[in-house]
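All remarks here apply to the structure that follows.
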Amino acid sequence: MSGALDGIKVIDVTNYIAGPFATMLLADLGAEVYKIETPGAGDPFRTWDKEPKDYSPSFCGMNRNKKSITLDMKQPEGREIFMRLAEGADVIVENLRPGVVDRLGIGYEEVKKMNPRIIYCSISAFGQHGPYRKKPGYDTLGQALSGLLSVLTDVEKPEGPGASFSDHLAGMYGCYGVLAAIAARERTGIGQKVETSLLEATISFIGFSMTQYLFSGDIPKKSSRLKTAGVYALVAGDGKPFVIHLSHPAKFWIGVTEVIGRPDLQTDPRTKDRHARSENYELIHEILSKAVQSAPRQHWLTALEEKDVPCAPINNFAEVFEDPQVKYLDRLVRVDDPEFGTFQLVRNGVNLSETPPEIRLRPPKLGEHNEETLRTLGYDAAQMETLRAKKII
């Protein structure tokens, strides 16, 4: 069955996470993605992990379903090859520093002169314009500047984030913008420029919390949502962590009090309703923490589930794929590689009944598709050998 984006040709001029994630999402949906990499080096994520050499798990996790082409676009011949590819492309995605593609002569204004239908997506750290335009930017900075990190860590004893939220969010918003531009082109026949950044994507993502702040003037911190949503992270008697999320319905709190043998908390003025529990969050957390020490985690999860209380174990990565629901959802797929054998990748997170996303191609080796691609552009073996000798490919 064809993918939703079958027939869409994408040129990927990206590295690390944000850009590669955007193009991988498009590739999973059926787009044909050509990843442009620097000859002899490639995407820095190829060597991010020690093993396997030039084919690290970090690279594989972001670059399935793509074809790799090595191309030195600083040289005229390299730029010419790129422009030939761009002439027949539907989408270009890049996440180089603002201004780099223009200096290389492959920016949006140049490409659209010969291909007005092109959809050109630029993903940056802080935006294509503004006082931070030329600053180096990575995920942690996006989380910090956007305010996201301030509600993920205790700002009085701050720690860096344990996951690359801003990078992935920028990739998702970039993909979202490209899909919207493809839909618009179906009506108008005209392409357009798509821009997002780690900073803009992350601010948008936490717009719900931002709106609460804009209305109230109260600056939230990590504990704010825990209190208002009734979220309690606890450690059971066997040392295993789990969470309870009470939200709004009163029955959830009633269930908790019955499970821990404290029905008196249902009428206690300090804990009888959601607002009182928010004001006395630390007291409740202390009560629950002491209570759950008397039995192992599974005892509490089973008892809470019997009362229909929202709860879950805090799974580490090894535990995730042993979870019955995750097993049922079948989130892993095996990939065979002639050099490295069989390994597993995580499936796309969306399900489509008629055009499901799939993993068609394993992550590519550096320059694996040079000859195949250049042949489609009209280059013969002698010309390719010349390009190779000049280190253009």
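The values are calculated or read from the model by the stated rules, or taken from the named source; none is laboratory data. Quick caveat, the model's predicted, so the values are computed rather than measured. Every residue, glycine among them, receives a Cβ derived from its backbone with ideal geometry; neighbour counts consider all protein chains shown.
Scanning segment 80-120 for residues that are out of contact with any strand residue (DSSP E or B) (no Cβ under 9 Å at 6 or more places or on another chain), in a loop (DSSP other than H, G, I, E, B) and free of Cβ contacts under 8 Å to residues at least 40 places away in the same chain yields a count of 2. Say whether the condition of being in the same structural domain as ASN65 (by TED's automatic domain parsing), of a type in the set (Phe, Trp, Tyr) and not in a loop (DSSP other than H, G, I, E, B) is met by at least one residue in segment 1-17. Within segment 1-17 (the criterion being in the same structural domain as ASN65 (by TED's automatic domain parsing), of a type in the set (Phe, Trp, Tyr) and not in a loop (DSSP other than H, G, I, E, B)), the answer is no, since none of the residues qualifies.
For segment 201-217, the criterion of a residue being surrounded by 13 or more Cβ atoms within 10 Å (Cβ to Cβ), assigned by TED's automatic domain parsing to the domain that holds ALA125 and within 30 Å of LYS113 (Cα to Cα) is satisfied by at least one position. Of the residues making up segment 162-178, just one is closer than 17 Å to ILE8 by Cα and without any contact (Cβ under 8 Å) to a residue 40 or more places away in the chain, namely TYR176. The selection criterion, being part of a loop (DSSP other than H, G, I, E, B) and over 24 Å from the mean Cα position of the chain (by Cα), holds for LYS74.
For every residue, the table says whether it meets (1) farther than 17 Å from SER204 by Cβ; (2) without any contact (Cβ under 8 Å) to a residue 12 or more places away in the chain; (3) surrounded by 11 or more Cβ atoms within 10 Å (Cβ to Cβ).
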{"residue": "SER122", "(1), (2), (3)": "no, no, yes"}
{"residue": "PRO131", "(1), (2), (3)": "yes, yes, no"}
{"residue": "LYS135", "(1), (2), (3)": "yes, yes, yes"}
{"residue": "THR140", "(1), (2), (3)": "yes, no, yes"}
{"residue": "ALA144", "(1), (2), (3)": "no, yes, yes"}
{"residue": "SER150", "(1), (2), (3)": "no, no, yes"}
{"residue": "LYS157", "(1), (2), (3)": "yes, yes, no"}
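What is the number of the single condition among (1) in contact with a Lys or Arg (Cβ under 8 Å, 6 or more places away or on another chain); (2) assigned to a helix (DSSP H, G or I); (3) touching a residue at least 40 places away in the same chain (Cβ under 8 Å); (4) outside the structural domain of TYR138 (by TED's automatic domain parsing) that ALA276 does not meet? Result: ALA276 passes all but (3).
Restricting attention to segment 179-198, the residues that are among the small types (Gly, Ala, Ser) and surrounded by fewer than 14 Cβ atoms within 10 Å (Cβ to Cβ) total 3.
Being surrounded by fewer than 20 Cβ atoms within 10 Å (Cβ to Cβ) and either farther than 17 Å from LEU85 by Cβ or among the hydrophobic types (A, V, I, L, M, F, W, C) (or both) is the filter here; which residues of segment 363-379 pass it? Result: LYS365, LEU377.
Assess whether GLU37 counts as being of a type in the set (Asp, Glu), without any contact (Cβ under 8 Å) to a residue 40 or more places away in the chain and at negative phi. When the stated conditions are applied, GLU37 does not pass them.
Condition check ((1) under 30 Å from PHE165 (Cβ atoms); (2) surrounded by fewer than 24 Cβ atoms within 10 Å (Cβ to Cβ); (3) of a type in the set (A, V, I, L, M)) across all residues:
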position: ASP28; (1), (2), (3): yes, no, no
position: PRO44; (1), (2), (3): yes, yes, no
position: PRO52; (1), (2), (3): yes, yes, no
position: CYS60; (1), (2), (3): yes, yes, no
position: PRO76; (1), (2), (3): no, yes, no
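A Cβ distance below 8 Å, combined with a sequence gap of six or more or placement on separate chains, defines the contacts here; from segment 307-320, residues that are acidic (Asp, Glu) reach residues that are surrounded by 13 or more Cβ atoms within 10 Å (Cβ to Cβ) in the pairs ASP308/PHE252; ASP308/GLY255; GLU319/PRO313.
Would it be correct to say that ASP49 is outside any strand (DSSP E or B), more than 18 Å from the chain's Cα centre (by Cα) and closer than 18 Å to ILE359 by Cβ? No; evaluated as a whole, the condition is false for this residue.
Considering each residue of segment 333-385, count those that are in contact with a strand residue (DSSP E or B) (Cβ under 9 Å, 6 or more places away or on another chain) and among the hydrophobic types (A, V, I, L, M, F, W, C), and give that number. Here the count works out to 9.
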